[in-house]
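A.B. asks: Take a look at the following structure, please.
The values are calculated or read from the model by the stated rules, or taken from the named source; none is laboratory data. Small disclaimer: the values here were computed from a predicted structure and weren't measured. A quick note on method: Cβ atoms are made from the backbone with ideal geometry, for glycine too, and the neighbour counts reach across all protein chains shown. With ligands, DNA and RNA removed, areas are computed over all heavy atoms of the protein, side chains included. Shrake-Rupley method; radii C 1.70, N 1.55, O 1.52, S 1.80 Å.
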Amino acid sequence: MATVHHFSLLVILFLSVSISVHGNGFSINMIHRDSPDSPFYNPLDTFTDRFQKAVHRSMHRANYLSSAFSAAGGPGNGHDTIRASVIPNNGEFLLNISLGTPPRQVLAIMDTGSDLTWVQCKPCSQCYKQTTPIFDPKKSSTYTNVPCASQTCERFHDVTCQGKLCQYGVAYGDQSYSEGNLAFETLSFDSTSGRSVKLPRIAIGCGHNNAGTFSHHGTGIVGLGGGGFSLVSQLGSRIESKFSYCLIPFDSSRSSKLNFGSHAEITGRGVVSTPLISSSDETKQTFHYLSLEGISVNENKVPFQSSSIEVNNKGRHQKQEVEGNIIIDSGTTLTLLPSTMYTEFESEIMKAIDAEPIAAPEGLSLCYADSPSLSLPNITVHFTDADLELEPRNAFALAADGVVCLLFVPTESQAIYGNIAQINFLVEYDVEGRKVSFKKTDCTKQS
C-alpha cells in the first residue's frame, strides 16, 4: 500500500521545441499545455480549472472516437473526407516546426491519433483566424503539389481530383474539417546548437478550406498515428520507424522528451515489451492498439471485459475478444476502461481503501477526502507480455481542494490508456518491429 500526502496535477502535454541531433535521431523538449510557455495558458485559471479542462478534453476525445470510423460526407466543397478521431482544439501537444524553403515557422497540434499533417495555406477560400501568417506555398521553392496520376494520391483514402491535382479532405468528430491540396514539402526543426534537421518531401495537406473549432493559436495538425501518411510512417528508415517519449510530473521544473530514431531506443534492465497491433480495418490503422489482459489492485486481478457483442459466422451472438482492445494515446489525460470492466475495477479499489468515497467532480467517478492517513492500493496494468507497476501519481490526483480522485473512468466507447498512467515511463513505439516498450524511469533525469 502507498501513503499519499500530496498530489499535483499530472496532466500532459503541449510541445515547445528545441532539438539535439546525433546521426538519425533527435529529441524534442515538451512543455505542458497549461504552462506559461504555452499560448493556451490562462493566468486566471486555478489549479482546479486546469484539471477540470483536462478531464473534459479526455471525455470529449473518447466520445468522438465512437464516430471516428464512420464515413462522413465532405463539407465545404463537397469532397469525400476521412473521419478523424479528435476534436482538433483538444490535443495535448503543440509543435513548433518550420515549413518550406526558406523555412516559415508554424505552430500545430501534434497528435498520435491522427495521420495527415496539414496547415492552413494561401489562397484561402475559407480559413479560420490564426495569430501567425498563413503559409504561402508560392513563396517556398520546395513546395510541390501531388498530381492525381501518382501513387501517393492513389494511396490516400477518399481523394478527389481538380485540375489534375490531388485533393484531400479530413473531418473531425465535432464537424470541424480541412480540405485542400495534397503536397510535398520540407519540414525543418531548429536545433539548440543552431543546426537544422530537414525532412524533405513529406506529404502534407495544404488547407485552403478549413473551419470549425480550431484555435487561432494553431495553424494545423502534425500526425504521429499508425497510418501510412503519418510523419513517423513517412520518415520510416530515416528514423528507424521509432519514436519514444518520457512524460514528467507537472510539478517538475524539467521538460518531458519526445525522441525519434536512435534517440528513441530503450535499453537496459527493466524493459518490457508488448505487441503493437494493427487493425485489419484500414480506417482504424491510425490508432496504436495494445492488448490489455487485466489490471491488478493489490493481489486481485480484474480481467479485461468488454460489453461489445458481435455476430459470429454461424449467426450466433457472442462476446468478441479482439486481440487489440485498447488504444495507447499520449493525447488523452485519463485512462478509459469499458464500463463492464471499470465497475469491477472500481469495486476492488473501494475494497482496498479504508475510507468512504465522497462526491466526485464532473467527469470523474471515484474520489476520497485527502488526508495524511489515506492509503492507496498498488495497481499493476497487465498488457500481453508486459506488466506495468504504477505509482500512486499514475492513478490518483488532487482533482479539487481536498479531493483525491481515481484517474480511471468508465466509457461506452473505445478503451484508452491515457498519458497520466504513462508518467515516469520511457515509452518506445517500434512501428516496424510492431511493439511498444516500457521502462520505469525518472523522466526528470532524461538528458
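A.B. asks: For GLU412 and THR101 in one chain, what is 0.36 nm times their gap in residues minus the Cα-Cα distance, to one decimal in nm? Let's see the in-between values first.
C.D. replies: Values: separation 311, 0.36 × 311 = 111.96 nm, distance 4.65 nm.
Stretched fully, the GLU412-THR101 segment lengthens by 107.3 nm.
A.B. asks: Between SER371 and THR384, what length comes free when the chain is fully extended (0.36 nm per residue of separation minus the Cα-Cα distance, one decimal in nm)? Walk me through the intermediate numbers first.
C.D. replies: On the way: separation 13, 0.36 × 13 = 4.68 nm, distance 3.58 nm.
Working it through step by step, the gained length comes to 1.1 nm.
A.B. asks: For region 96-251, which whole percent of the accessible surface, found with a 1.4 angstrom probe, sits on carbon and sulfur atoms? Could the numbers behind the result be given before it?
C.D. replies: On the way: 3140 of 6020 Å².
In region 96-251, the share of accessible area belonging to carbon and sulfur is 52 percent.
A.B. asks: Arranged from highest to lowest average of other beta-carbon atoms within 10 Å per residue, in what order do the peptides 369-382, 203-216, 159-172 appear? Write out the running numbers ahead of the final one.
C.D. replies: Details: 369-382: 16.6, 203-216: 21.6, 159-172: 19.9.
Ranking the peptides 369-382, 203-216, 159-172 by packing returns 203-216, 159-172, 369-382.
A.B. asks: To make sure I understand the rule: partners must be lysines, Cα under 28 Å from the Cα of LYS435, and not fewer than 8 residues away in the same chain. Which ones qualify?
C.D. replies: The qualifying lysines are LYS198, LYS242, LYS257, LYS284, LYS301, LYS319, LYS445.
A.B. asks: Another one. List the residues whose amide H sits under 5 Å from the amide H of GLU293, counting only those 5 or more places along or on another chain, with H placed 1.01 Å from N in the peptide plane.
C.D. replies: HIS382, PHE383, THR384
A.B. asks: Can you grab the distance from the C-alpha centre of region 126-156 to the C-alpha centre of region 213-240, Å, no decimals?
C.D. replies: Going from one Cα centre to the other spans 14 Å.
A.B. asks: Extending each Cα 7 Å along its Cβ direction at SER150 and GLU323, get the distance between those two points in nm, one decimal.
C.D. replies: 3.4 nm
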